[in-house]
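K.L.:
Below you'll find the structure I mean.
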Amino acid sequence: MVRSEKLDMFVAQLNEILESSPAPDESQLLPKAKHLLGELVKQDDWLEEKYTRPDANGYRQYCLYVCPKNRFSVVSFVWGPGQRTPVHDHTVWGVIGMLRGAEVSERYGVQEDGSFKPEGKETLFPGMVDCVSPRIGDIHQVSNFYEDQVSISIHVYGADIGKVSRHVYDLKTGQTKTFVSGYTPVA
Ligand code: FE2
């Protein structure tokens with residue numbers, strides 16, 4: 001199978017699930033999307049090289065696909081050695097599959113007084129898949145597990161994530177900032 005056929009098949013299968021009738025709610029959709037993404041990241045032989053390039057100045061988010069109806073997007077998330085995100089949310093469902101290397105996700109919950117409480121840490125290795133959403137827990141900080149090598153995960157979100165207005169959190173001050181991530185241009 002040529003490289004792009006695997007991604008095309010993933011997109012077609014996810015589309016089929018999203019367009020099925022009755023439309024699946026998130027609790028039905030996430031396990032299915034998780035399974036499909038697990039199949040996609042099982043083998044690291046399909047992602048074009050131009051979507052694997054790191055940047056010494058920060059992690060990169062290459063757009064691989066946006067559904068014409070904005071139902072979902074697929075992103076190649078490329079970590080340089082030691083890079084990490086701020087604490088952030090997504091505001092839509094997301095499924096994260098590890099393709100190459102490894103990453104660490106540290107989850108946080110918001111307590112009644114507005115402070116943040118650590119809710120566990122998970123390391124994803126190739127083939128593993130994690131989920132986020134406002135329903136199941138949406139706030140985390142993610143980092144490259146490795147200090148000396150590039151890691152790549154494939155993210156799928158329930159919207160055109162590059163255009164979604166979401167939030168970063170400063171755990172010390174409790175301040176919240178709105179941001180829109182955009183996508184890394186492909187050279
Ligand atoms: Fe995230």
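K.L.:
To the nearest 20 debye, what charge dipole does the chain have about its Cα centre, counting +1 at the Cβ of each Lys and Arg and -1 at the Cβ of each Asp and Glu?
P.N.:
260 debye
K.L.:
In debye, nearest 20, what is the charge dipole magnitude of region 39-91 about its Cα centre with +1 on Lys and Arg Cβ and -1 on Asp and Glu Cβ, if you could check?
P.N.:
Magnitude of the dipole: close to 220 debye.
K.L.:
While we're here: Which three extents, in angstrom, do the Cα atoms of the chain have along their principal axes, listed largest first?
P.N.:
50, 44, 26
K.L.:
Quick one: of LYS121/LYS177; LYS121/LYS172; LYS6/LYS163; LYS34/LYS117; LYS34/LYS172; LYS42/LYS121, which pairs are farther than 30 Å apart, Cα to Cα?
P.N.:
Details: LYS121/LYS177 23 Å; LYS121/LYS172 19 Å; LYS6/LYS163 25 Å; LYS34/LYS117 26 Å; LYS34/LYS172 33 Å; LYS42/LYS121 22 Å.
Beyond 30 Å between Cα atoms: LYS34/LYS172.
K.L.:
Compare the Cα positions of PRO86, ILE96, VAL142 along the charge dipole of region 1-159 (+1 at Cβ of Lys, Arg; -1 at Cβ of Asp, Glu; about the Cα centre) and return the one farthest towards the positive end.
P.N.:
Comparing the listed Cα positions along the dipole, ILE96 ranks first.
K.L.:
What distance in nm separates the two pseudo spin-label positions at GLU122 and ILE17, each 7 Å out from Cα along the beta-carbon direction?
P.N.:
1.5 nm
K.L.:
Here's something else I'd like to know. Output the peptides 59-70, 114-125 sorted from most to least packed, where packing is the average of other Cβ atoms within 10 Å over each peptide's residues.
P.N.:
My ranking of the peptides, most packed first, is 59-70, 114-125.
K.L.:
Next question. Which semi-axes, in whole Å and largest first, does the equivalent ellipsoid of region 92-150 have when worked out from the alpha carbon gyration tensor as the square roots of 5 times its eigenvalues?
P.N.:
Ellipsoid semi-axes (Å, largest first): 24, 14, 7.
K.L.:
What's the whole-number percent of alpha carbon pairs in region 72-120 lying beyond 15 angstrom?
P.N.:
Looking at region 72-120, the distances longer than 15 Å represent 61 percent of pairs.
K.L.:
Now for a different question. Would you work out the relative contact order for the chain, in percent, from Cα pairs under 8 angstrom that are 6 or more residues apart? All intermediate terms of the calculation are to be shown ahead of the outcome.
P.N.:
On the way: 407 pairs, mean separation 46.6, N = 187.
Taking the mean separation of contacting Cα pairs over the length of the chain, I get 25 percent.
K.L.:
Dividing the Cα convex hull volume of region 1-63 by residue count, how many Å³ per residue is that?
P.N.:
107 Å³
K.L.:
I'm checking a number: the convex hull volume of the Cα atoms of region 125-187, normalised per residue, in Å³. What is it?
P.N.:
Numbers: hull volume 9.6 nm³, N = 63.
So the per-residue hull volume is 153 Å³.
K.L.:
Over region 46-134, what per residue volume does the convex hull of the Cα atoms give, in whole Å³? Provide the component values of the computation, followed by the final result.
P.N.:
Working: hull volume 11.0 nm³, N = 89.
So the per-residue hull volume is 124 Å³.
All of the numbers you see were taken from the coordinates with simple rules; none came from a lab. Remember, it's a predicted structure, so these values are computed and weren't measured experimentally. Reconstructed Cβ throughout: ideal geometry from the backbone, glycine too, with neighbour counts over all protein chains shown.
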